[in-house]
1. Please determine, by comparing only the residues of segment 326-356 that are under 21 Å from the mean Cα position of the chain (by Cα) and not in a helix (DSSP H, G or I), which one is surrounded by the most Cβ atoms within 10 Å (Cβ to Cβ).
2. Which of the residues that make up segment 12-21 are part of a helix (DSSP H, G or I) and either touching a residue at least 60 places away in the same chain (Cβ under 8 Å) or β-branched (V, I, T) (or both)?
3. For segment 103-113, enumerate the residues that are closer than 23 Å to S44 by Cα and modelled with pLDDT of 95 or more.
4. Report every pair of residues separated by at least 6 positions or lying on different chains whose Cβ atoms are under 6 Å apart, first residue within segment 223-243 and touching a residue at least 24 places away in the same chain (Cβ under 8 Å), second crowded, with 24+ Cβ neighbours inside 10 Å and charged (D, E, K, R).
5. Taking segment 270-308 as the region of interest, how many residues are assigned to a helix (DSSP H, G or I) and more than 16 Å from F13 (Cβ to Cβ)?
6. Tally the residues that are part of a loop (DSSP other than H, G, I, E, B) and either among the aliphatic types (A, V, I, L, M) or farther than 22 Å from S327 by Cβ (or both), restricting the search to segment 230-269.
7. List the residue pairs whose Cβ atoms are under 9 Å apart, where the first residue sits in segment 323-345 and is closer than 28 Å to S261 by Cα, the second is of a type in the set (K, R), and the two are 6 or more positions apart or on different chains.
8. Can we say S261 is among the hydroxyl-bearing types (S, T, Y) and under 21 Å from G187 (Cα atoms)?
Amino acid sequence: MKKGYFGKYGGRFVPETLIPALRELETSFRRSISDQNFKDELLSLQSTYIGRPTPLYFASRLTDRLGGARIYLKREDLGHTGAHKINNALGQALLAKAIGKKRVIAETGAGQHGVATATGAAMVGLKADIYMGSEDVKRQALNVFRMKLLGARVIEVNKGSQTLKDAINEALRDWTTNVLDTHYVLGTVFGPHPFPTIVKYFQSVIGREARKQIMKAEGRLPDYLIACVGGGSNAMGLFNAFLNDKVKMIGVEAGGEGIRSGKHAARFAGGSVGVFQGCKSYLLQDRDGNVLTTHSVSAGLDYASVGPEHAFLHDSERVTYTYATDSAALKAFELLSMTEGIIPALESAHAIAEAARIAPKLSKKNVIIVNLSGRGDKDVQHVAKIKGIEL
């Protein structure tokens, strides 16, 4: 496989001014993950700061309600800051410190990556600026306040669709200008090489833990893994440890209001191959290559492209990619809340929706692990508004 590529996907499609920074980052990353002191510090913080390992929870009431397969939840919602994002953000903050950068920048949609980056920056003593689309600022007001409370500056982006795509554009422009003292904490397995590899490395702890935990709980590997897919970091974090096993994997994209409506973010259902924001992957675009406007009830899945390794896994048919509509995700949001007392992030609710769809069709001997990538505190006001409830 060509360096920086997964099959034909990936690469490093950026301005020349960023090439030295990406090379520096790649070199520093390789050096750091070979450095025992760096690995020891990361392991210690994963345990004492993030709260790892996160539990693998048998959702007995959800299993009974649906019938069929036994459903386990990998509880990333219980990690510090409430989502899987902290795994990568903290790792990259340590990496930025090791490189000698004084400032970090990040993009965020649902706000969880912004909160995680602000958290990591505060912990290691770096300045943090977070780019966020105006639309996402409105629907994730709580996370905006959390970022500011953690000492970060939130820069509102009112261009384009005013969502994650536009926030990434502005963050890349910032990095191009301030590359000497700034590290870009990209939030998912996307962007120019080596970001997809770096983010997968820090998120792969999810799958390693889940593998050990399910062996202890069931004495065998699961039959299915299910995770939502925006950029794809929580899914890749879970899937990576099982890629060489006979385990079926399902990535769930945002179906929005349905594929025919055009208001969705299901890249594999409605997209084609293109180059976007530094790498080659599946992309929602028109015939002239213009990026299409996306839609999802969940800000974290509302994105026009997907990580290049997911594109490779899709084409090789190692992972099956499907989608859940807004309405299905909202039903799953309420289903998990009422059956298990766990309010999931709307992103994670897409994965729960898929589990709810397939579990009844499977045997009671089958085992499913759903990656519960985040908690739903951030989404309660948004869901209440959709339901016409004033808080």
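The values are calculated or read from the model by the stated rules, or taken from the named source; none is laboratory data. The model shown is predicted, which means the values in this text are computed figures rather than measured ones. Heads up, the Cβs are rebuilt from the backbone with ideal geometry, glycines too, and the neighbour counts pull from every protein chain shown.
1. If we take residues in segment 326-356 being under 21 Å from the mean Cα position of the chain (by Cα) and not in a helix (DSSP H, G or I), then A345 is surrounded by the most Cβ atoms within 10 Å (Cβ to Cβ).
2. First pass over segment 12-21, keeping only residues part of a helix (DSSP H, G or I): 16-21.
Listed by number, the residues that qualify are T17, L18, I19, P20, A21.
3. Of segment 103-113, the ones closer than 23 Å to S44 by Cα are 104, 112-113.
V104, the sole residue that qualifies.
4. Pairs that qualify, where the first residue is touching a residue at least 24 places away in the same chain (Cβ under 8 Å) and the partner is crowded, with 24+ Cβ neighbours inside 10 Å and charged (D, E, K, R), are I226/E354; C228/E347; V229/E253.
5. Quick first cut of segment 270-308, residues assigned to a helix (DSSP H, G or I) only: 270, 299-301, 308.
Adding the requirement that they be more than 16 Å from F13 (Cβ to Cβ) leaves 270, 299-301.
Number satisfying all stated conditions: 4.
6. First, the residues of segment 230-269 that are part of a loop (DSSP other than H, G, I, E, B): 230-232, 243-247, 257-264, 266.
With the extra rule that they be either among the aliphatic types (A, V, I, L, M) or farther than 22 Å from S327 by Cβ (or both), the set shrinks to 231-232, 243-247, 259, 266.
Selection size over segment 230-269: 9.
7. Close Cβ pairs satisfying both conditions: A324/R357; D326/K263; A328/R357; L330/K387; L335/R65; P344/R375; A345/R375; A345/K378.
8. Details: among the hydroxyl-bearing types (S, T, Y): yes; under 21 Å from G187 (Cα atoms): no.
In short, no.
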